[in-house]
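The values are calculated or read from the model by the stated rules, or taken from the named source; none is laboratory data. Note that the structure is predicted; figures quoted are calculated from it, not measured. Note that we place each Cβ from the backbone using ideal geometry, even for glycine, and neighbour counts take in every protein chain shown. The accessibility values were calculated without ligands, DNA or RNA, using every heavy atom of the protein model including side chains. Shrake-Rupley method; radii C 1.70, N 1.55, O 1.52, S 1.80 Å.
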Amino acid sequence: IVYDGSKISENPHLFTGNPKISEYIHTGTGINGNSQRNYALDHVQNENTYVYFLDDDNLMHRDLYKLLDIANDGKIYTFDQENGLKGNTIRQKFIDTSMFLVDFKLCKTLRWMLYNREANFYYINECILKNRDKWVYVNNNLCTHNMLPGGRD
């Protein structure tokens, strides 16, 4: 978890009892948390993991864990969002950060554009273009959008 250092100054350490979760504070340049995402990618300690970016206004979907139970190594998964967006089309305004799960090994050298409001599209698109044969579309709602107050769109 990477907390935005421009919003909080002290690490809340909410998950100190869980050895699988690391918490960081990062203050960097950029917009929409793109710097924090890059910081997180720079600090992945176990390359044999999947990456899922959860925005400040989203909750984990209750069914996402079902995908995690059956996910195969070396794959990129996109899926549908409860608001009607479909993960089968990778186009600007039609794919969101929460609709994307990727094996870290496939994206470990890629980074988010710091000042681009559509950075989620560009990052996801680049991951898929470099790994087209590893992309799997799951025709299920496995993510939410704007579920928490105070988040940004």
Given the conditions (1) over 28 Å from Gly5 (Cβ atoms); (2) part of a loop (DSSP other than H, G, I, E, B), report the number of the one that Asp69 does not fulfil. (2)
Among the residues of the range 67-123, how many are of a type in the set (Phe, Trp, Tyr) and in contact with a Ser or Thr (Cβ under 6 Å, 6 or more places away or on another chain)? 2
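For every residue, the table says whether it meets (1) touching a helix residue (DSSP H, G or I) at 6+ places or on another chain (Cβ under 9 Å); (2) open to solvent by less than 80 Å² (accessible area, probe 1.4 Å); (3) at negative phi.
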| residue | (1), (2), (3) |
| --- | --- |
| His13 | no, no, no |
| Ser35 | no, yes, yes |
| Tyr39 | no, yes, yes |
| Gly84 | no, yes, no |
| Asp103 | yes, yes, yes |
| Met113 | yes, no, yes |
All positions within the range 83-122 that are closer than 15 Å to Asp55 by Cα and not small (Gly, Ala, Ser): Ile95, Asp96, Thr97, Met99, Phe100, Leu101, Trp112, Arg117, Glu118, Asn120, Phe121
Going through the range 72-101 one residue at a time, which ones are out of contact with any Leu (no Cβ under 9 Å at 6 or more places or on another chain) and assigned to a strand (DSSP E or B)? Phe100
What tally of residues in the range 123-153 results from selecting those that are at pLDDT below 95 and surrounded by 12 or more Cβ atoms within 10 Å (Cβ to Cβ)? 6
Any residue that is assigned to a loop (DSSP other than H, G, I, E, B), at pLDDT below 95 and under 13 Å from Tyr123 (Cβ atoms) - is there at least one of those in the range 46-54? yes
